[in-house]
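Only one structure is covered here, and it is reproduced in the block below.
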Amino acid sequence: MIRIRTKMAPRWIQQITSAQSQLTVLSPYITKNPTLTLLANKKATFYTRFDLRDFLSGASKLNAFKQLLKKECKVFVVPKLHAKVIMDEDEFVTLGSQNLTQGGRWNKELSVCFDGSARDKTCESVRNLVREWTTDPDLVQVDWDWFHQMAEDVERGKEAYERFNESLRTIEVDAKRANAERLNAQELRLEGERRSRKSAALAELQETVKSAHPSGINHLGTVTPTKASPCLRFEPGVDLLSWKKRNKILPPLDKGSRCLCVLNQKHVGWARLAGRQITKIAQSMKIRGILPAPFKTVQIELSVKPEDLRAMSSDTTMVVKLSAPNGVKLLSVALSYSIKKTEVLGTHLPRAKTKGKKLKPIAQLRTDLQAWIDSDHDAFENLLSKHITSTTPLKQRLAGVNADEYFGGLYSKVSVTMMFTARSNQPILVATLISDD
C-alpha cells in the first residue's frame, strides 16, 4: 500500500515500534524528538551530515548525536545527503521531505510510506537505491573522538557565527524593507489597473444603456409608503409588462417576469414585473440547470451585494456563487459585467482542508468545476450573459432591498423605460432618478 502523509511522526512511531529487522535512517539533519528516541532504543543505523555550519545554525543538535552514541547506534556521514528515508529490511519504507528533527514535525511536509501489499516491489526498489550510498567504502563513522572535537569546534565558532548572523540580520532587514516596498508598489500598480478596468466597465455599461434600442414608452413613478413596504408606484393604467420597440407593440411579458434593472446607468439589480409597481430590487438572483454536464445540478447565484463585491478584487462588478444541490459552497467567480461584455476575472475556492486524503465527491466536483471554468472562460461567460438579462418568470416575490433604499428614498420621482440590447435584443429596465430642480 502507498500512503501519502503530511505528518509522518505518527506513522513512524507505529512502524518503528513494530519493526523486527534492522532499521536504517537517512536524514541530513537530526535533533532530539520522540521518533529519534524510539530509533535510538532500537539501535537503528543512521546516515547523515556532520558539518560545523549545521550545528552552528541549529539545523542539527549535538545532544541528539550524543543520545545516539550513548545507545551505541552506528552513525555514518554521507556528504551532500539530502534524502530523508526511514526503513527496515522487511516491512516498510518511508521517504519524503521531513527531516528527523523537532522542527520537522511542524513544517509543511509531504512524505510517502510503502508497506503492505506494495512492499515487495516498491520497498526493495528504494532499498537498492539506498544501498548504493550506504555501502560506499569511503563513508566515515562518527565516534566519540569526532563528537568531542566537533563540540570544541562549535564552541570556538559560536562568536564568529554570531558576528556573521548580526551582519546578515542587517542585510535581511534591508532586504525585507526593499521587498515590502516593491510589493507595495506592485499592489498600487495593480490596484490602479483594477480601478481603470472598473471605470472602463462602468463607462461601457453607460454606453450600452445609451445605445440600446429605446422602447419609446416612459413611465413616471413615485416611491410611495405602503403598509407592507415602500414601493415604486405608477399611475393607474400603467402596465410594466407591456412595451413596444421601434413603434411596434411587443407581446406582453409574463406576469412575474424578472428583468435586469439599471439605475442612473450604473446601479444594477433585478426587478420582478407585475402590474404597476415595483416593491423590491434584488441584489442577487438564483438560477440553475444552465451549466453543461456533469455540472447540471450546480446552483448559480448572481450577486451585486456590497458584501460579496468587497470579498473580491476591486474591479469586480458582479459575483457568481456556485453551490452543490445540498447548498454546500463550491466556488465563487469574480466578474466584470457591462451588459455588452461579461468577463471572468478569477475563480475563488472557499477555505477547506483536504488533509491529503482522496477527494470526497463535493471536493471533486469543486475541483472539476473550477478546472472547467478556468479552461474555457468564453463558454462560461456566454452562458452567464444569456441568463443575467433573462426574463424568466419568477414564481415567488423577490427578496431584496426596498424600493425606497434602491431608488433614493421615499417620494423620489423615477422615470422608467425599457431598452433592448443591440446584439441580443434582451430587455433592460432603465430607471433614472428625476431631480426636483
Virtual paramagnetic centre 7 Å along Cα→Cβ of residue 372, amide N under 19 Å, in the range 285-313 | 286-302
When P(r) over Cα pairs in 10 Å bins from 0, in percent is calculated directly from the model, which label among [x] 4, 15, 17, 16, 15, 12, 8, 6, 4, 2, 0; [y] 4, 16, 18, 14, 12, 11, 10, 9, 5, 1, 0; [z] 4, 19, 29, 27, 15, 4, 1, 0 fits?
-> [y]
Please give the length that would be gained between residue 250 and residue 21 if that part of the chain were fully extended, namely 0.36 nm times their separation in residues minus their C-alpha to C-alpha distance (nm, one decimal).
-> 73.7 nm
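Quick one: net charge of residue 27's neighbours, Cβ under 10 Å, K/R +1, D/E -1? Mind showing how you got there, number by number?
Values: positive: 49, 84; negative: none.
Net charge around residue 27: +2.
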Ranked on Cβ counts within 10 Å of their own Cβ, fewest leading, 50, 295 go 295, 50
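Contour minus end-to-end for residue 196 and residue 183, with contour as 0.36 nm per residue of separation and end-to-end as the Cα-Cα distance?
Working: separation 13, 0.36 × 13 = 4.68 nm, distance 1.97 nm.
Answer, rounded to one decimal: 2.7 nm.
Counting Lys +1, Arg +1, Asp -1, Glu -1, what net charge surrounds residue 319 among other residues with beta carbon under 9 Å of its beta carbon?
On the way: positive: 305, 321; negative: 301, 308.
Combined, the nearby Lys, Arg, Asp and Glu give 0.
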Distance from the Cα centre of the range 187-266 to that of the range 28-79, in angstrom?
-> 73 Å
Cut-off under 5 Å, modelled amide H: who pairs with residue 23 long-range | 45
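Can you name the helices of the chain, as whole DSSP H runs, whose Cα span along the helix axis is 20 Å or more and whose Kyte-Doolittle mean is not below -1.0? Please report the intermediate quantities before stating the final value.
Details: long enough: 144-211 (89 Å, -1.14); 361-375 (21 Å, -0.15).
In the chain, the long hydrophobic H runs are 361-375.
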Which distance in nm do the two modelled labels at residue 314 and residue 206 give, with both placed 7 Å along the Cα-to-Cβ direction?
-> 1.9 nm
Which cross-chain or sequence-distant (5 or more) residues have an amide H under 5 Å from the amide H of residue 250, H modelled 1.01 Å from N in plane?
-> 243, 244, 245
Determine ³J(HN,Hα), in whole Hz, for all residues of the range 94-102 in sequence, where each value follows from phi through the Karplus function 6.51 cos²θ - 1.76 cosθ + 1.60 and θ = phi - 60°; x replaces Gly and Pro.
-> 10, 8, x, 9, 7, 6, 8, 9, 5
Straight-line reach from residue 266: which lysines have Cα under 25 Å away, leaving out those fewer than 8 places along the same chain?
-> 198, 210, 244, 245, 280, 286, 305, 321, 340, 341, 386, 413
May I ask you to sort 229, 27, 303 by Cβ crowding, counting other Cβ atoms within 10 Å and putting the fewest first?
-> 229, 303, 27
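Taken together, the values in this text are just the output of simple stated rules run on the coordinates, not laboratory data. Model, not experiment: these values are computed from the prediction. Every residue, glycine among them, receives a Cβ derived from its backbone with ideal geometry; neighbour counts consider all protein chains shown.
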